[in-house]
Structure formats: C-alpha cells, structure tokens
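A quick write-up on the structure given underneath.
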Amino acid sequence: MTEVEVKKPQERLQERFTQVVNSLQRLHVIDESQGYSREPGSAQEQVLAELQQTVTELHSADIAFILEGLPLDERLTVWQLVRVESDGDILLEVSDAVRETLLADMDDHEIIAAAKELDVDELAELAPELPHDVVYELIEALDAQQRDRVRSALSYEEDQVGSIMDYEMVTVRDDVALEVVLRYLRRLKELPDHLDKLFVVDHEGYLKGVLPIKRLLVNDPEKKVAEIMADDPVTFHPDEDSADAAQAFERYDLISAPVIEKSGRLVGRLTIDEMVDVIREESEEEVLSRAGLREEEDIFASVWKSIANRWAWLAINLITAFVASRVIGLFEHSIEKLVALAALMPIVAGIGGNSGNQTITMIVRAMALEQLSTGNTNRLLRKELGVAFINGIIWGGVIGVVAWLLYDYFALGMVMIAAMTLNLLLAAMMGVLIPMTMVRLGRDPALGSSVLITAMTDSGGFFIFLGLATMFLL
C-alpha cells in the first residue's frame with residue numbers, strides 16, 4: 001500500500017503562493033512578447049482563467065496572505081479575480097496597509113456589494129475604513145435591530161471590547177427543561193460560530209449564568225437549566241480593553257464569553273477567533289514599536305510612504321549615534337596611545353545592548369500581563385541588577401582573559417572585566433527604567449525601546465570603558 005504524503009497547511013499555502021506568482025510571471029512574459037491583451041481566447045485570458053481557478057479554491061485567509069506578499073500591480077490583478085462574495089471576508093483578513101490599497105481600487109458599488117455579505121459585527125469592524133457615504137448607505141440598508149447594533153459597535157474605541165463583540169448568540173431561560181433546549185436548537189437553521197455555551201437570561205435579558213453545551217448533552221433531558229448551569233461565568237463589559245479580554249481568554253481557556261452592561265444585561269459575546277486576532281495584532285504592534293515604526297507598513301508600499309513611517313526614530317538614532325561618537329572623541333588621545341581600546345570597546349557596548357534588550361523585553365512583557373506594580377518594582381530592579389552583576393563578572397572575566405592573552409596586558413583584562421560589569425548594570429537599570437518612564441508619560445512601553453536601550457549602552461559603554469582605561473592604563 002502506497003503512503004500518502006501529508007503536507008502541513010503552511011507548506012500547502014506556500015505551494016499555492018508559488019503557483020500564483022508563477023502564473024503572474026507567465027502573464028507578464030506574454031504581455032511583453034505579444035502585447036497587452038485581455039480578449040477572449042487570448043493566451044493572457046487562459047492564464048488569468050487558470051489563476052482565477054487557483055484563487056477560487058483558496059480560503060479567504062489564504063487569499064489575504066497571498067495578496068500581502070504581492071507587489072501592488074500584481075496584487076490588484078489577483079484582487080480583480082476574487083469572487084465578489086469573498087471580497088468582504090478578505091478585506092477583514094488582510095493587514096490595514098494592504099486593505100487600504102484594495103479599497104482604493106474599488107468603487108462605491110463594489111465596496112457596498114462586498115460589505116453586504118458581512119455580519120453586523122464584521123461590518124462594524126470594517127466601517128471605520130470605508131467612505132462615509134458608503135457606510136451611511138450600508139447602515140440604511142439594514143433592519144432596525146442591525147442598524148442599532150452597528151451604531152453601538154461604532155460608538156466604542158477600536159481597542160474596546162464593544163467594537164469587536166459578536167451579536168449572534170443563543171439565549172435560554174433557566175426554568176425550562178434540557179429537552180426543550182435541545183428541540184429549540186434543532187429548529188435553528190444555523191448555530192453561531194464557536195458556540196460552546198448558551199447564555200441563560202431572565203425575561204428582561206439580564207444574564208443569570210451559562211449552559212455549556214457538554215453539560216447539555218450529557219445530562220438527563222428532564223433536568224432544568226437552572227440545575228446544571230454555571231452561575232459564575234467569566235464576563236466582560238463593552239468598555240473594557242480588548243487586550244485584557246484576550247489575556248483572560250488565554251488564562252481561563254475560553255472559547256466564548258458573555259459581554260454584559262454594568263447593569264448585568266446581556267449585549268453580546270466575545271469569541272476565540274476575535275481574541276486570537278487581538279493577540280496577534282498586539283504582538284505585531286509591540287514588534288513594530290520596539291523598532292520605532294509608527295504604524296504597520298505594507299512591504300510593497302511606496303518609497304516615500306515607507307520613509308514617512310520610519311524617519312522619526314532614525315532621526316533619534318542619528319542623534320544618539322552622534323552622542324556616542326562625541327563620547328569616543330573625548331578619549332581620542334587615549335585611543336591613540338593604546339590602539340587595543342578601539343578594537344575592544346565595541347564588545348563592551350554590544351554585550352551591554354544585548355543584555356539591556358533582554359531586560360527590557362522581560363519588563364514590557366510583565367507590563368503587558370499586568371504583573372508589575374509599585375510594590376514589586378524595587379524587588380524586580382534589584383533582581384535584574386543582580387543578574388547583570390553576575391553576568392558581568394562571568395562574561396567580563398572571559399573577555400578579560402582573552403584581552404590579556406591577546407595583548408599580553410593584564411591590567412587591560414581587568415579593565416575589561418570592570419567595564420563589562422558596569423555597563424551590564426547600566427543596561428539592567430535602563431531596561432527597567434525606560435519602559436516604566438514611557439508608561440508614566442502615557443506612551444507605549446515598547447515604543448522605540450530597542451533604539452533607546454542601545455543608545456544608552458553604546459554611549460555608556462564607551463564612556464565607562466574608555467574612562468577606566470584612561471584612569472588605570474595611561
């Protein structure tokens with residue numbers, strides 16, 4: 001019996017991506033050799049038909065992945081081959097920067113046709129990026145209940161639970177039998193996605209508990225809902241931060257959870273798919289912030305747009321690099337007398353920067369998880385200083401011995417140990433203080449953290465090493 005090769009989803013997706021790229025390259029070659037033509041029966045139309053067939057077979061998320069990896073002209077070529085009923089789902093899946101390019105290629109009628117295929121919560125998510133007249137027309141086409149839900153979702157900030165909560169949910173009363181609930185579920189044409197529990201409410205819509213589906217299925221159908229429901233579920237309020245909700249989902253292994261007003265009235269639910277998106281977006285934002293990027297960037301964005309996104313922290317980096325160069329300039333005579341200093345000082349600065357980035361990553365993560373408070377900050381600082389001191393002695397000792405053997409200068413080795421230790425202590429202190437200062441200033445603690453910590457350890461490392469060398473070696 002022959003074995004069937006099983007490919008991982010990412011491998012299959014990469015194959016499809018390669019297939020799309022190859023088709024686009026074939027189309028480009030034919031256009032160059034035969035001239036641009038989209039007439040029926042032409043070679044170009046045959047390639048486009050094959051390409052459309054490939055795209056049609058893909059999941060919306062896979063199409064979004066492929067679109068993000070294509071240059072603008074090729075991206076729009078593929079986008080025009082996507083089925084209209086899939087446009088809305090793909091617009092939700094792609095990054096903000098890529099979505100902007102796709103929407104710019106669509107007229108109002110195309111946008112409306114795509115958005116009409118979306119659920120209320122999905123429409124609310126997409127609405128802030130659509131033209132105002134399009135949003136107005138879409139909202140007016142909804143029934144009264146859907147219109148109120150969209151307007152309610154739009155009233156919340158982008159990072160609040162209310163902006164991403166789902167309105168599709170199944171509610172039951174606590175005084176009915178499980179058999180009645182089962183019959184009710186069978187009559188529904190379709191169940192909401194990620195349905196792992198039913199919400200138990202009273203006659204006025206106030207939440208009383210939740211009924212997990214697994215309890216519904218394994219208990220005696222004659223039992224009442226009140227007998228087996230969980231009356232202490234994890235709940236959220238619409239104005240809560242979505243990142244905090246995502247952490248709660250991870251902590252309590254939730255698939256869905258009710259969203260209630262402060263009065264206790266049920267207004268919606270959160271689902272795991274939205275929370276995964278929030279976690280991914282938070283992670284991407286942190287990575288971008290650490291590098292000093294102001295916003296997510298399309299990898300094929302125009303040169304000028306990329307420059308506008310990156311210039312601010314490059315300017316700051318230039319200033320800090322100039323400061324570091326002036327520190328070196330203060331010790332020009334020392335370097336002239338002992339050339340070995342020029343070869344060794346980047347080591348001190350580089351190890352300090354690496355250690356500082358490790359510390360700052362741990363601190364930013366602790367802040368994101370809300371594990372830091374005024375009561376444990378000093379203890380954490382002492383711990384990081386202790387780690388830095390021991391690492392400084394160990395790795396400073398290693399490089400000190402190397403410097404001693406390389407240059408046959410014992411005092412130089414001792415200066416290396418001292419400089420390494422002091423710079424690691426500086427890196428640890430700055431790794432704690434920089435994100436904490438950012439928070440006190442109301443900024444993202446990860447914003448430009450990599451740039452700032454490197455600047456501190458470079459300037460500080462050069463000053464410490466060259467200063468010690470000047471004092472004890474010359």
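Evaluating 6.51 cos²θ - 1.76 cosθ + 1.60 at θ = phi - 60° for every residue in the stretch 157-166, the Karplus couplings come out as 5, 4, 9, 9, 4, x, 7, 10, 6, 9 Hz, glycine and proline recorded as x. Using the 1.4 Å probe convention, the accessible area of the chain works out to 56 Å² per residue with neighbouring protein chains retained.
DSSP loop GluC sites (Glu not before Pro) in the stretch 213-307 with at most 13 other Cβ atoms within 10 Å of their Cβ, which ones? Walk me through the numbers on the way to the answer.
Numbers: sites: Glu222, Glu227, Glu240, Glu250, Glu261, Glu274, Glu281, Glu282, Glu284, Glu285, Glu286, Glu295, Glu296, Glu297; in loops: Glu222, Glu240, Glu261, Glu295, Glu296, Glu297.
Passing both the DSSP loop test and the Cβ count: Glu222, Glu295.
Cα-based radius of gyration for the chain, normalised by 2.2 N^0.38 Å, reads 1.30. Our note on the geometry: Cα centres of the stretch 236-267 and the stretch 95-161, 23 Å apart.
Taking only the Cα atoms of the stretch 9-159, the ratio Rg/Rh comes out at 1.04, with Rh defined as the Kirkwood radius.
Run the accessible area of the chain with a 1.4 Å probe and give the carbon-and-sulfur part as a rounded percent.
Numbers: 14740 of 26510 Å².
It is 56 percent, rounded to a whole number.
Once Rg and the Kirkwood radius are both taken over the C-alpha atoms of the stretch 303-473, their ratio Rg/Rh works out to 1.03.
On alpha carbon coordinates alone, what is the Rg over Rh value for the stretch 171-291, Rh being the Kirkwood radius?
Working: Rg = 16.5 Å, Rh = 15.7 Å.
We get a ratio of 1.05 for the stretch 171-291.
Going by accessible area, probe 1.4 Å, with all protein chains left in place, what is the ranking of Lys116, Lys224, Lys197, Lys262, largest first?
On the way: Lys116 130, Lys224 85, Lys197 30, Lys262 165 Å².
These residues rank, largest area first, as Lys262, Lys116, Lys224, Lys197.
Under the combined filter of DSSP loop state and at most 12 neighbouring Cβ atoms within 10 Å, the stretch 60-163 retains these GluC sites (Glu not before Pro): Glu157, Glu158. Antiparallel as a % of all DSSP beta bridges within the chain, to the nearest 5? Expressed as a percentage, antiparallel bridges in the chain total about 85. Working note: Cα gyration tensor of the stretch 229-380, eigenvalues times five, square-rooted, sorted largest first, giving semi-axes of 47, 22, 12 Å.
The values are calculated or read from the model by the stated rules, or taken from the named source; none is laboratory data. Everything numeric in this text was worked out from a predicted model, so none of it was measured. Quick reminder, even Gly has a Cβ in these numbers, built from the backbone with ideal geometry, and neighbours come from all protein chains shown. The protein model used for the area step is the full one, side chains on, heavy atoms only, and it has no ligands, DNA or RNA in it. Shrake-Rupley method; radii C 1.70, N 1.55, O 1.52, S 1.80 Å.
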